[in-house]
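**Student:** Attaching a single structure in structure tokens format; questions to follow.
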Amino acid sequence: MSTTLKSIGAFGDSYALMALANSCRAATDVPEPALDAARRTLLDTLGVSAAGSATAGGNASHAAAPTIWGSGGSSVWFSATKLPPAGAAFVNATYAAALDLDDGHRGASGHPAAAIIPAVLAVGQTTNASPAQLLTAIVLGYEVAVRASAARDIASLRTTDSGLWCGLGVAAAAGWLAGHSTPVIAHAMAIAGQTSTSQAATGWTQLGHTVKEGIPWATANGLQALALAASGHRGPLDLLDDPVAYDRAALIENFGRDWAIEQAYFKIYSCCRWAHAAIDGALILKSLMQVCDSEIESIVVETFDRALTLPNQSEPQSSEAAQYSIPFCVALALIHGPEALLPLKDDHLKDRSVTNLAGRIRLTSADDYIGVFPAATPARVTMIANGRRHKTVEICLPKGEPKNPLSDADLKRKFERLASMGALTADVAQEIFDVVNRLRFHDATDLFAALGPRESSKLDALRTSVVGD
């Protein structure tokens, strides 16, 4: 543990970052429901990452990371590659975020786990953390990340991209796991927040790209910020104390009363969460109306106004662009079934039946949805087929929300499907599933072994047949 910044402890909790760091350091007994939620989130992230490891972005990160970071003691999942924690976490976060299938949180309007879990496992592997420590660190990092995002007036922000705030949770989780002092953790969060990715192109670019929300960069940056703080680097401790920008009560009050990770949502469609209610509604209407794809004349999707800021291209040129197109994803699900979005593949980008139907889907802002985001992402869907107008279907809670949850069986099916499309054989996938579900009671080395290289891995073959790009 570093003692470089101990003298700064005189600040106490006067700064929000110090209060958050203090709350993390004081956390010794996270309740079992939160640890169970961490296990569910861990399993979901690993399944998503298995499929994400075979994407072009995943391949690129894996290839470039040794040049950037060199060798180290933290594993790149599903491979023999070992890098310093920041490098391994960067690659694994790329895997987790690549397909837009990673979990999220309504309060944060973004994706904490794709950053927190790669960081915790990368640091935990080098510190020989116990299973309980790994799970607790996940809970704490998730909590800090969600609070940092939710304390802002999200409705007034240019972008809600996760890379802007998830690095603070990474620094908090890793700092707690490594046993650093409150001042070191606070300065690490300050450095991570001050140097977070700008996401300058979000809202402007119409091109699909693998940078997306900047989650891998924020993950590596959070771990590098911790190393800097432990060596004496100082960040702006008052980073979150601007009352115009942050709600102090939302940031620091009632820490530990309820845990944000217990309110995570899980995704079954490989696209922006803002499209999920529209997809659910369109699939319900198709079933109710009993129509063929060719009979669908047009679809109107009434949604919240923030959803209209997505590119929403009817003919996206990459899987990343498709992930941010409500019309394309609705059309794909209607024509090829919801499984075509678990995950979304490049094969469908040139499918004229999909792009033609996407061109007949119109998005409009609903007056009664003004102000519902980020607490909700609803949609009303009207389908016209053969000149018949069906009663509108409204979806307030898409599948996977805490109040419309995926069951354990649903999550297992998602994990197994994605594992089979990525780096894992059925036997390895079952091993990881078993280890995660008993993680509290066994040595954490079981988990790292299950995520390690195999004599006959599918990943090498998949690197020449890329999923998703």
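**Student:** As an exercise: evaluate Ala150 against (1) in contact with a Pro (Cβ under 9 Å, 6 or more places away or on another chain); (2) crowded, with 24+ Cβ neighbours inside 10 Å; (3) of a type outside the set (D, E, K, R) and give the number of the one condition it does not meet.
**Tutor:** (2)
**Student:** Being out of contact with any strand residue (DSSP E or B) (no Cβ under 9 Å at 6 or more places or on another chain), without any contact (Cβ under 8 Å) to a residue 60 or more places away in the chain, among the polar types (S, T, N, Q) and surrounded by fewer than 24 Cβ atoms within 10 Å (Cβ to Cβ) is the filter here, so list the residues in the range 284-337 that pass it.
**Tutor:** Scanning the range 284-337 gives Ser287, Gln290, Ser294.
**Student:** Could you look through the range 340-356, keep only residues that are free of Cβ contacts under 8 Å to residues at least 24 places away in the same chain and among the charged types (D, E, K, R), and pick out the one that is nearest to Val48 (Cα to Cα)?
**Tutor:** Asp347
**Student:** Hey, another quick one. Looking at the range 172-211 only, could you name the residues that are free of Cβ contacts under 8 Å to residues at least 60 places away in the same chain, under 17 Å from Leu240 (Cα atoms), out of contact with any His (no Cβ under 9 Å at 6 or more places or on another chain) and aliphatic (A, V, I, L, M)?
**Tutor:** Residue satisfying the conditions is Ala192 alone.
**Student:** Name the residues in the range 71-93 that are among the aliphatic types (A, V, I, L, M), touching a residue at least 40 places away in the same chain (Cβ under 8 Å) and either within 16 Å of Leu223 (Cβ to Cβ) or touching a Ser or Thr at 6+ places or on another chain (Cβ under 8 Å) (or both), would you?
**Tutor:** Ala86, Ala89, Val91, Ala93
**Student:** Further, regarding this structure: Residue by residue through the range 284-308, note down the ones that are part of a helix (DSSP H, G or I), in contact with a helix residue (DSSP H, G or I) (Cβ under 8 Å, 6 or more places away or on another chain) and under 13 Å from Leu357 (Cα atoms).
**Tutor:** Residues of the range 284-308 part of a helix (DSSP H, G or I): 284-289, 293-295, 305-308.
Those left that are additionally in contact with a helix residue (DSSP H, G or I) (Cβ under 8 Å, 6 or more places away or on another chain): 286, 293, 305-307.
Of everything in the range 284-308, just one residue is part of a helix (DSSP H, G or I), in contact with a helix residue (DSSP H, G or I) (Cβ under 8 Å, 6 or more places away or on another chain) and under 13 Å from Leu357 (Cα atoms), namely Asp293.
**Student:** When you go through Thr127, Thr136 one by one, which is the residue that is of a type outside the set (A, V, I, L, M) and either in contact with a Pro (Cβ under 6 Å, 6 or more places away or on another chain) or closer than 17 Å to Ala260 by Cα (or both)?
**Tutor:** So the residue among Thr127, Thr136 that is of a type outside the set (A, V, I, L, M) and either in contact with a Pro (Cβ under 6 Å, 6 or more places away or on another chain) or closer than 17 Å to Ala260 by Cα (or both) is Thr136.
**Student:** Let me ask something else about it. How about the range 242-271: which of its residues are surrounded by fewer than 21 Cβ atoms within 10 Å (Cβ to Cβ), over 21 Å from Gly175 (Cα atoms) and touching a residue at least 40 places away in the same chain (Cβ under 8 Å)?
**Tutor:** Ala245, Tyr246, Asp247, Arg248, Ala250, Glu262, Gln263
**Student:** OK, next. Restricting the search to the range 180-224, which residues are more than 16 Å from Pro118 (Cβ to Cβ) and buried (at least 24 other Cβ atoms within 10 Å of the Cβ)?
**Tutor:** Residues satisfying the conditions are His180, Thr182, Pro183, Val184, Ile185, Ala186, His187, Ala188, Met189, Ala190, Ile191.
**Student:** If you don't mind, another one. Mind telling me which of the residues Arg417, Arg380, Arg388 ends up being more than 17 Å from the chain's Cα centre (by Cα), under 13 Å from Ile284 (Cα atoms) and not assigned by TED's automatic domain parsing to the domain that holds Ala37?
**Tutor:** On the way: Arg417 fails: under 13 Å from Ile284 (Cα atoms); Arg388 fails: under 13 Å from Ile284 (Cα atoms).
That would be Arg380, the only listed residue that is more than 17 Å from the chain's Cα centre (by Cα), under 13 Å from Ile284 (Cα atoms) and not assigned by TED's automatic domain parsing to the domain that holds Ala37.
**Student:** Among the candidates Ala145, Ala137, which residue alone is among the aliphatic types (A, V, I, L, M), buried (at least 18 other Cβ atoms within 10 Å of the Cβ) and under 15 Å from the mean Cα position of the chain (by Cα)?
**Tutor:** Working: Ala137 fails: under 15 Å from the mean Cα position of the chain (by Cα).
Unique residue meeting the criteria: Ala145.
**Student:** Now a separate question. Do we find a residue being part of a loop (DSSP other than H, G, I, E, B) and under 27 Å from the mean Cα position of the chain (by Cα) anywhere in the range 272-283?
**Tutor:** Yes, the conditions are met somewhere in the range 272-283.
**Student:** Conditions: (1) assigned to a helix (DSSP H, G or I); (2) surrounded by fewer than 16 Cβ atoms within 10 Å (Cβ to Cβ); (3) in contact with a Ser or Thr (Cβ under 8 Å, 6 or more places away or on another chain). Thr364 meets all but one. Number of the miss?
**Tutor:** (1)
**Student:** Go through the range 373-391 and count every residue that is without any contact (Cβ under 8 Å) to a residue 60 or more places away in the chain and part of a loop (DSSP other than H, G, I, E, B).
**Tutor:** Within the range 373-391, the subset without any contact (Cβ under 8 Å) to a residue 60 or more places away in the chain is 389, 391.
Adding the requirement that they be part of a loop (DSSP other than H, G, I, E, B) leaves 391.
So the count comes out to 1.
**Student:** On to the next question. Within the range 77-98, can you find the residues that are over 20 Å from Tyr142 (Cα atoms) and crowded, with 24+ Cβ neighbours inside 10 Å? Quick ask: steps written out before the conclusion?
**Tutor:** Taking the range 77-98 first, the residues over 20 Å from Tyr142 (Cα atoms) are 77-84, 87.
Hits for the range 77-98 are Trp77, Phe78, Leu83, Gly87.
**Student:** Could you identify the single residue in Ala63, Ala50 that is free of Cβ contacts under 8 Å to residues at least 12 places away in the same chain and in the same structural domain as Thr127 (by TED's automatic domain parsing)?
**Tutor:** Going through Ala63, Ala50 in turn, the sole match is Ala63.
**Student:** A further question follows. Sort out which residues of the range 309-358 are closer than 21 Å to Leu418 by Cα and not in a helix (DSSP H, G or I), and write them in order of number.
**Tutor:** Within the range 309-358, Ser318, Tyr324, Gly337, Leu342, Pro343, Leu344, Lys345, Leu349 qualify.
**Student:** Does the range 69-87 contain any residue that is within 19 Å of Ser130 (Cβ to Cβ), among the small types (Gly, Ala, Ser) and part of a loop (DSSP other than H, G, I, E, B)?
**Tutor:** yes
**Student:** Could you check Ala379 against (1) within 21 Å of Leu99 (Cα to Cα); (2) in contact with a Ser or Thr (Cβ under 9 Å, 6 or more places away or on another chain) and say which number it fails?
**Tutor:** (1)
**Student:** Only one of Ala113, Ala108, Ala129, Ala96 is in the same structural domain as Leu168 (by TED's automatic domain parsing), within 19 Å of Gln224 (Cβ to Cβ) and in contact (Cβ under 8 Å) with a residue 40 or more places away in the chain; which?
**Tutor:** Ala96
The values are calculated or read from the model by the stated rules, or taken from the named source; none is laboratory data. This structure is a prediction, so every number in the text was calculated from the model and none was measured. Cβ: placed from backbone, ideal geometry, glycine included. Neighbour counts: every protein chain shown.
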